[in-house]
Amino acid sequence: MPQLGETVTEGTVTRWLKTIGDRVEIDEPLLEVSTDKVDTEIPSAAAGVLSEILIPEGDTVPIGTALARIGDGAADTATATGTDRAAATTDPEEDPAEVPPAEDDETPAPEPVVDVRDAPPATLRTTGATGSATFLSPVVRRLLEEHDLHPSEVQATGAGGRLTAADVRAHARAHAPPPPSAGPSTSDGPPGAPGPSTPEAPESGPPTVSPPADSTPPADTDEVIPFSSIRRRTAAHMVTSLATSAHTLVAVEVDYHRVEQTRAVHKEPFREREGVGLSYLPFIARAVVDAIGEYPAINASVGDDELVVHHDINLGIAVDLDFDGLIVPVVRRAHHLRLGALTRAMADQAAKARAGSLAPDDVTGGTFTITNAGGYGTLLTTPIIAQPQVAILSTDGIAMRPAAVRQPGGAWGLTVHPLGNLALSFDHRAFDGAYASAFMARVREILQDRDWAAEVGT
């Protein structure tokens, strides 16, 4: 399995494009792989005949795992598609010199279970319910350590016997000790008597997420629609994010009068010149990037016990895929782009997302995300943070509404301006509400006061 992004640790084989016996050339598409970031084709690392498929469709394996063997069709020499082409015929976690030859009449011994508390992260594997080797993701490792559990103690329900974070949390809940009692309940005592004490919150780690109640079986008139792969990955990421970050929301109302004046004059010449429209979103993105320069902690991620502030602003723009899922392509080094260049870059990434032509590098490395629901006339949205980022901005509908405006003589007057809300979901572990509010106030100030006409042509 090749490396498909700096934060990607595993991938799922979704479809083989070749069958055993087919001839393949170097860099010819060989299979399709799905990760939590992107769906992509994997090219062949060698030319020859596909002699063996090691990982079937639907299996999830860690980065570096050999996926197939390719030979010349006559000899036993072969290579596998993976990260390391030179050592592709062996398991990436084994030293070929230390693997003894197998006896023809012997059944290989099962892979021993590795204690998560003793093994290095790169070699953590366990044996799931199916008996197959399963990779332990960093999230699963952390949860096992927090609850002092061995992988063999937890029933694995993931694909191919994979141990998931939900499995660990469910096991921990089922075996949690009852909370200490502080005496009789308030219903048995006099009014005002203290009730049972509340257990102290754990010192570290995200809160556990309660599983949903058993759903009602579908009726004959119901339609059952299986989740797509991107919907499943999106759902898993959202649940993980809510369990990881201390989500908090702050919102401001923005007067887009000056932005609208610029759009009214320049949007048609801009479209003719650049080939893309000039919506409100690039103005918002430009204001956000500039405000981050003054409030850099917004563009950060949370480490073990630290805040990692990123100096490059890699701006993620959420793109809806016809209601079938959400993908977030990244505009890299957005702080070096003025309005015109930023508009083009955002339009290019959105077009690639809808055409399904994003590369892994297009969806990795984001440091701050904007999601735009404003086209549907929303009033206020509360987005979920894209991990490991610490904040995400949502844009809402812009409509003509009454606004109090100071007149040239200093008096206030009532007029009609285009108004809309911006909302910031942020991780309260990273900074406090005052910092987030100051950032949003600065974004609003830039949008309302900047001479945007001077930037449209750049």
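The values are calculated or read from the model by the stated rules, or taken from the named source; none is laboratory data. Bear in mind the structure is a predicted one, so any value in this text is a computation, not a measurement. We place every Cβ from the backbone using ideal geometry, glycine too, and count neighbours over all the protein chains shown.
Table for the structure above
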{"item": "From the options R271, R333, residue that is surrounded by fewer than 16 Cβ atoms within 10 Å (Cβ to Cβ) and at pLDDT below 95", "result": "R271"}
{"item": "Failed condition for A351, given (1) farther than 25 Å from K267 by Cβ; (2) among the aliphatic types (A, V, I, L, M); (3) surrounded by fewer than 17 Cβ atoms within 10 Å (Cβ to Cβ)", "result": "(1)"}
{"item": "Selection count where residues are in contact (Cβ under 8 Å) with a residue 40 or more places away in the chain and over 33 Å from the mean Cα position of the chain (by Cα), scope segment 406-426", "result": "1"}
{"item": "Qualifying residue in segment 416-433 (condition: assigned by TED's automatic domain parsing to the domain that holds R344, out of contact with any Cys (no Cβ under 9 Å at 6 or more places or on another chain), part of a helix (DSSP H, G or I) and closer than 26 Å to A300 by Cα)", "result": "yes"}
{"item": "Positions within segment 155-193 being at pLDDT 80 or above and under 22 Å from G58 (Cβ atoms), in sequence order", "result": "Q155"}
{"item": "Some residue of segment 248-258 being of a type in the set (K, R) and out of contact with any Asp or Glu (no Cβ under 9 Å at 6 or more places or on another chain)", "result": "no"}
{"item": "Matching entry among T371, T343 (being under 22 Å from S245 (Cβ atoms) and among the hydroxyl-bearing types (S, T, Y))", "result": "T371"}
{"item": "Some residue of segment 283-301 being over 27 Å from T40 (Cβ atoms), surrounded by 17 or more Cβ atoms within 10 Å (Cβ to Cβ) and at pLDDT below 95", "result": "no"}
{"item": "Among the residues listed as T367, T371, T395, the single one being modelled with pLDDT of 95 or more, out of contact with any strand residue (DSSP E or B) (no Cβ under 6 Å at 6 or more places or on another chain) and of a type outside the set (F, W, Y)", "result": "T367"}
{"item": "Any hit, segment 253-266, residues being more than 17 Å from the chain's Cα centre (by Cα) and on the phi > 0 side of the Ramachandran plot", "result": "no"}
{"item": "So S229, is it touching a strand residue (DSSP E or B) at 6+ places or on another chain (Cβ under 7 Å) and either of a type in the set (D, E, K, R) or surrounded by fewer than 18 Cβ atoms within 10 Å (Cβ to Cβ) (or both)", "result": "yes"}
